[in-house]
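Step one of this worksheet: look at the structure below.
The values are calculated or read from the model by the stated rules, or taken from the named source; none is laboratory data. This one's a predicted model, so the numbers in the text were calculated from it and none came from an experiment. Note that each Cβ is placed from the backbone with ideal geometry, even for glycine, and that neighbours are counted across all protein chains shown. With ligands, DNA and RNA removed, areas are computed over all heavy atoms of the protein, side chains included. Shrake-Rupley method; radii C 1.70, N 1.55, O 1.52, S 1.80 Å.
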Amino acid sequence: METKIVSKRFHIPESYKLEVAKKHGVYGSLEKLFTMTPDEVITAVEKSNLRGKGGGGASCGQKWRYMPLNDPRPAYLIVNADESEPGTFKDREVMDKDPHLLIEGIICSSYAMNIHTAYIYIRGEYKWLADRLNTAIDEAYEAGIIGETLMNGACDFKLDIVVHRGAGAYICGEKSALIESLEGKRGHPRLKPHQKECEWYFGDPATVNNVETIASVPEIVEFGYEAYTKHGTPKSPGTMLFALSGPVKNPGVYELAFGHKMIDVINTLGGGMKDGKKLKAVIPGGVSCPILTADEVNKAVLDYESMWDIGSTLGTGGMVIIDEDACMVEVAKNIIEFYHHESCGQCTPCREGTGWIDTILHKVIHQQGKLSDIDNISDVCGTLNGKTICVFAPAVADIIGSIVVKFRDEFETYILNNQGAEHE
Amino acid sequence: MSNIVNIVIDGKEVEAEKGAVLIDYLFKQDIDIPHFCYHPALGTDGNCRMCMVEIEGSKRPQISCDTPVKEGMVVRTQGENIEQVRRDILELELINHPVDCPTCDQAGECKLQDYYMAGGFYESRLEAESKVKAKKAVDLGKNVMLDQERCVLCTRCTRFTDEITHTNELGIFSRADHSVISTFPGQELESDYSMNIVDLCPVGALTSKDFRFNQRVWFLESFEAICSGCSKGCSIHVDHKKEKYKDDQIFRFRPREDHDVNGYFICDDGRLSYKDENDNRLNDASINQETVSTKEALTNIADVLTANPNDTLLLVSPFLSNEELALIKEYTLNNGTTLSGYSPQYYDESFADDMLRTSDRSPNRAGMMALRINENEKDFNELLSQKKVIVVIENSYFEDKAELFKDKKVILFSSKDTKVKEFANTVLPVASFLEKDGSYTNSESVTQHIKSGIRKNAPVGTLTSLWKAIESLSKEKA
Amino acid sequence: MKNFTLTPENQEKFEKISKRYPKIDSMMLPTLWLVQEQEGWISPEAMITVSELLNTTPIRVYEVVTFYTMYNTKPTGTHHIEVCKTTSCMLCGSKEIIAYLEETLEIKPGETSADGQFTLSVVECLGSCGGAPMLAFNGDYVENLTVDKVKTLLKESSNGN
């Protein structure tokens, strides 16, 4: 069922070590890379239709095209390793098990955009992974893979890679907040530009790509875009690291070509529900994607377009599985606590709205709920949607709004039965 | 001309400058777009999300503070959709706000209150006990009080200390709805312009310690004037009030937007100088320390001036208006008295900065110079030793130099109570700087006119009216 | 206020890492990490020192420190236990783990045990949903928790001291 491109070395013991990974083909794309022009690399990535794996799903090649050409300013690649979306734990697998693949991807991407400094912005909690990355980067410098030249002079191209640790802020996964943070500030997302353009790090052009996206590039370089597009669906070609968590038998990260049925993945790779429980719902791609009921899960197909068709999104591919024992009021409360805690507080609707929903659900859980609270939550979700600087608030509206709508009966029963604090 | 584009606002076709910030253009058209964070001096921040408008072709409402004007743009600022959006966001602004208007000093000039009233009342959907609690009545220093619960986190104040004064005293701490504005632990505001954040604050989070609880703003009257604290002559609003059974009193100065002079701000010293207008006033006319009527004093002065024109030195000051200075200069030319504007005591190098404050702490030296009134030190000292009659007009030079009056006859015109009156033969109170009309020319040659709105119960005569009375008395004698 | 200084080793690290960025401003988070690794927390005095190192003002440092939840603005115990409470962990039993820790250590989240050994924090998603429920023990991830596993962890770490 799995199609292993990014995860092809995950099963090899000590694959994080240069000597081991090298034996198994890491940096194999570079020989080909150096025969290509930067434009050819970008074209290959465009044609592969590689899409951002951090949740947005935007075309990677198009994004790279926003980088100004022949610009005298230094340019930067910023790898987004701020993986913090609940239900998402795939980038850590790449950094843990195949850090040299990420370095290889950084080399290919930097070469394509004429970038000589790459930062890996990693969430602060992944300290152990930052250490692992630093060890791998040290190995790469020592082996002459990066540094003043690439591959010991095989390509006269200077490249430095720096690991930069965050310090506990989900919002820094938003690319402009990430750059603010990298610039040493609070992670407040920037206002969106009025035209399509690259990002800016201290006023210099920069591009921000997710770890998995960058780790997918070597395959496209080495074997051509056709090798990538032969997997998946016409509109969502290639593969993605899907994750399963919650009460399934085999939670974990699995690389799949796009187009598999969600329920098959849960039952086959996930081994089905733990303790023979019934599936109740799935939050498909990190907790910011609209929830799917068990009926919807049966219909859901894991590619971007199919997920839109059933009113949700693919997100990061991190599926949170919910079984029949779970109380949806508590699930909603748990999720809003996360967002309330993580709202950067910059713009009004998000700062105040997340707290307000949290307060309403707190009352509901503490036996003071009213039926009108359900509509109040929906109202606030409406206000959160489409009025903020970044997509944090719309995500809250999507997930909380969808839980309240799809499990309204459960909310009503909960409130009417006044179950409250005793409920487990 | 290519810079002018055609746009449609609320169904009306208008011309606008391409690339201008839409909200600025709407202000110019007198369309009051609700907003908290945008301020023309501080630019766009986009955090409050109140200034939303509908733009045809945009899926979602857009904030007008971050929308450049474009050819063919169709903008709607009214209508149920967009008004609902604003109501929704306003409700969120208020959700953690204590709604303590009855005890809040901002009431009457609070945007939150204004928008709430304009948007239609509604019941709060969050009980008071569930609101996020924060610190109230924090003294930030420099006469500024902070109430964190009332703050809408528009960051105007932090941007002011960051971008305008570069003193960086204020910041945002913590995250989400626990975010608050404050200073670094143990530190206070330092800037000489700190009190501007009180005006910048659109709500009651930052209030003036000097003004708070003194007056309800809706009882105040206001007139436009300039500050006399230095030769910059910053444009101000004078907020005053004449209470029943009490005299007219000034309660505060506020900066008045003036792009030729001060922009949007004034310094704290200037702002608090309103007290000088109220305090320490000279009330009674006197001759040889005996209180007399104004009429008696005027007759006495007319007698002295008529008797000794060639032996009289008139000392004016840069606190007088252009009109007053011209009047006295003309008198000198007609009557053979001598005139000086010597006033070095108003120079204070330590007061000057690179923002608004200048080293000349008087408002009209440029006007005095334009009238070619001599302020040369040597000339003044020579005249002082020669002349027997010294007429001091609103000039504090002799404040601590009374010994120079030895063997002189001294006539004092002053709005302030001063030690000099003890050494003066004749003393006559005059209307203060803000109690009279007049024009003043600042250090950058900008001339501004004041029309006073003060109405005292027993108004003191203006220098102009008193001087004219002296002139006609002198003529009668002649 | 007492003056705070980086140890010579950390000062050396600071200078070395600084070279990796085009502007010193980017050293904010790395420098605060050096401070926290050195002291266990970030005091106002340290913030002033950091502001001097970065050629900025203390307020900017304070803004940053209070934005990022991993920076401690007060000292923690010898061992810092951060239990994830977010969705997947909740669905897999994090409540039970938190309750056990509260009961055993006799502290609430955010508090430090009387003997100064343990600080308990309940945190949002640590990106370890496949190993739920989980916690970070002094930063190291411990996954697929059971009460027994936590019991052993506490025992071993107490013995270690």
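Overview of results
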quantity: Bridge type composition, segment C:79-159 - antiparallel percent by DSSP, nearest 5; calculated: 55
quantity: For segment C:69-98 and segment A:244-310, distance of Cα centres in Å; calculated: 27
quantity: Span from the segment A:335-389 Cα centroid across to the segment A:77-141 one, whole angstrom; calculated: 34
quantity: Average beta-carbon neighbours from other chains, 10 Å sphere, peptide C:28-35; calculated: 4
quantity: Helix-derived mean residue ellipticity, 222 nm - over chain A, DSSP H n ≥ 4, -39500 (n - 2.57), to 500; calculated: -12500 deg cm²/dmol
quantity: Sequence ranges A:48-56, A:138-146, ranked by mean other-Cβ count within 10 angstrom, highest first; calculated: A:48-56, A:138-146
quantity: Average other protein chain Cβ within 10 Å of Cβ, residues B:86-94; calculated: 5
quantity: Structure-based [θ]222 nm, chain B - -39500 (n - 2.57) summed over DSSP H runs of at least 4, per residue, nearest 500; calculated: -6500 deg cm²/dmol
quantity: Alpha carbon centroid spacing (whole Å) that separates segment B:251-326 from segment A:172-241; calculated: 69
quantity: Residue order for A:Val301, A:Val94 - accessible surface, 1.4 angstrom probe, largest first; calculated: A:Val301, A:Val94
quantity: Residue-level accessible surface for C:Tyr62, protein heavy atoms, 1.4 Å, Å²; calculated: 50
quantity: Residue of C:Lys19, C:Lys149, C:Lys95 that the Gaussian network model of chain C assigns the largest fluctuation, springs spanning Cα pairs under 10 Å; calculated: C:Lys19
quantity: Neighbouring partner chain Cβ atoms per residue of C:138-146, average, 10 Å criterion; calculated: 2
quantity: Largest-first ordering by accessible area, 1.4 Å probe, given options C:Cys92, A:Cys381; calculated: C:Cys92, A:Cys381
quantity: Cβ-based net charge around A:Thr135, under 11 Å, with every Lys or Arg adding one and every Asp or Glu removing one; calculated: -2
quantity: Entries in A:Lys97/A:Lys185; A:Lys127/A:Lys192; A:Lys249/A:Lys333 that, when Cα-Cα distance is taken, lie over 29 Å; calculated: A:Lys97/A:Lys185; A:Lys127/A:Lys192
quantity: For chain A, radius of gyration divided by Kirkwood radius, i.e. Rg to Rh on alpha-carbons; calculated: 0.99
quantity: Taking the convex hull of Cα positions in the protein assembly as shown, its mean projected area over all directions (nm²); calculated: 51.7
quantity: For segment B:334-478: Kirkwood Rh in Å [reciprocal of mean 1/r, alpha carbons]; calculated: 17.1
quantity: FRET efficiency, 1/(1 + (r/R0)^6) with R0 41 Å, evaluated for A:Ala58 and C:Glu45 via beta carbons; calculated: 0.35
quantity: Cross-link pairs A:Lys63/B:Lys70; A:Lys158/C:Lys23; B:Lys111/B:Lys142; B:Lys408/B:Lys456; A:Lys17/A:Lys63 - those with Cα-Cα distance over 28 Å; calculated: B:Lys408/B:Lys456; A:Lys17/A:Lys63
quantity: Average Cα contact separation per residue, chain C, under 8 Å, 6 or more apart, as relative contact order %; calculated: 18
quantity: Neighbour net charge for A:Ala395 - beta-carbon separation under 12 angstrom, K R +1, D E -1; calculated: -4
quantity: Antiparallel bridge percentage (DSSP; both residues within chain B; nearest 5); calculated: 70
quantity: Phi to ³J(HN,Hα) by Karplus 6.51 cos²θ - 1.76 cosθ + 1.60 over segment A:331-336, Hz, x for Gly, Pro; calculated: 4, 4, 4, 4, 5, 5
quantity: Packing-based ranking, highest mean first, of B:392-398, A:103-109, B:327-333, B:83-89 given that Cβ atoms within 10 Å are counted; calculated: A:103-109, B:392-398, B:83-89, B:327-333
